[in-house]
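The values are calculated or read from the model by the stated rules, or taken from the named source; none is laboratory data. What you see is a predicted model; the values in this text were computed from it and never measured. Don't worry about glycine lacking a Cβ; one is built from the backbone with ideal geometry, like all the others, and counts go over all protein chains shown.
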Amino acid sequence: QQQVKQSPQSLIVQKGGISIINCAYENTAFDYFPWYQQFPGKGPALLIAIRPDVSEKKEGRFTISFNKSAKQFSLHIMDSQPGDSATYFCAASIDQAGTALIFGKGTTLSVSS
Amino acid sequence: GAVVSQHPSRVICKSGTSVKIECRSLDFQATTMFWYRQFPKQSLMLMATSNEGSKATYEQGVEKDKFLINHASLTLSTLTVTSAHPEDSSFYICSASGREGYQETQYFGPGTRLLVL
């Protein structure tokens, strides 16, 4: 499996601050890049996703920035809240839904109140 | 949005027994379902890809005779852990490919916590 590298491993942000998580990929055939949020003991939930033909996508407080030439993409959480404290996984796949997702190792976000 | 359920949510079994985990897409048909395994504080690792009506495709290193997958219908896939051992204890998560409006993506189940004593 081609690797998706995610950083940082853990992140502590103050309430109201911006949380930034970065991912890099190797396989240029990837064309779908979702971010998932996972709470302890629960399955991952799709947060936001982007395709390579777009450089940025925003949904509420969550923004994905995509740099195709650098093969990097990042998640920005604006106005971070304690309820955002969770583990975040970036992922990539060749086909949006038909092939398996390759996951990053995850980032544990803690938002202090 | 699309909902995927798993049953049971947690199971404790004795070493040597078999455990079946069900994954259902509740409001959509899923031609493809995926099974992942997640150890504590680690990422999700793909075990196998399951297509309705055909044999599952297993990832390298995953024993197909130990982890039996059946995708009998467009809404149900099952994972059976045969002759379970303590090292099989893990969090098993399924996902299903589905369409919500114009977007097709993978939807994950809530996971099944397996503990083998």
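Key figures
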quantity: One residue from B:26, B:79, B:46 being within 12 Å of the chain's Cα centre (by Cα) and under 13 Å from residue B:109 (Cβ atoms); calculated: B:79
quantity: Per-region count, the stretch B:31-53, residues closer than 18 Å to residue B:84 by Cβ, more than 10 Å from chain A (Cβ to nearest Cβ) and either among the small types (Gly, Ala, Ser) or outside any strand (DSSP E or B) (or both); calculated: 1
quantity: Test result for residue A:45, within 11 Å of another protein chain (Cβ to nearest Cβ), surrounded by 14 or more Cβ atoms within 10 Å (Cβ to Cβ) and of a type outside the set (Val, Ile, Thr); calculated: yes
quantity: Residue count for the stretch A:65-113, restricted to those that are over 22 Å from residue A:12 (Cβ atoms) and either within 14 Å of chain B (Cβ to nearest Cβ) or of a type in the set (Val, Ile, Thr) (or both); calculated: 13
quantity: Filter result for residue B:56 (modelled with pLDDT under 95, more than 10 Å from every other protein chain (Cβ to nearest Cβ), under 13 Å from the mean Cα position of the chain (by Cα) and over 22 Å from residue A:46 (Cβ atoms)); calculated: yes
quantity: Test: residue in the stretch B:88-109 that is over 21 Å from residue A:94 (Cβ atoms), modelled with pLDDT of 90 or more, surrounded by fewer than 15 Cβ atoms within 10 Å (Cβ to Cβ) and of a type outside the set (Gly, Ala, Ser); calculated: no
quantity: Verdict on residue A:13 being in a loop (DSSP other than H, G, I, E, B), in contact with a strand residue (DSSP E or B) (Cβ under 9 Å, 6 or more places away or on another chain) and either more than 30 Å from residue B:58 (Cβ to Cβ) or not aromatic (Phe, Trp, Tyr) (or both); calculated: no
quantity: Residue within the stretch B:97-112 that is hydrophobic (A, V, I, L, M, F, W, C), in a strand (DSSP E or B) and more than 9 Å from every other protein chain (Cβ to nearest Cβ) present; calculated: no
quantity: Flag for residue B:22 being outside any loop (DSSP other than H, G, I, E, B) and more than 9 Å from chain A (Cβ to nearest Cβ); calculated: yes
quantity: Set B:42, B:60, B:6: member being of a type outside the set (Asp, Glu) and touching a residue at least 24 places away in the same chain (Cβ under 8 Å); calculated: B:6
quantity: Hits in the stretch B:55-99 - residues which are more than 18 Å from residue B:28 (Cα to Cα) and of a type in the set (Gly, Ala, Ser); calculated: B:56, B:61, B:83, B:84, B:89, B:90
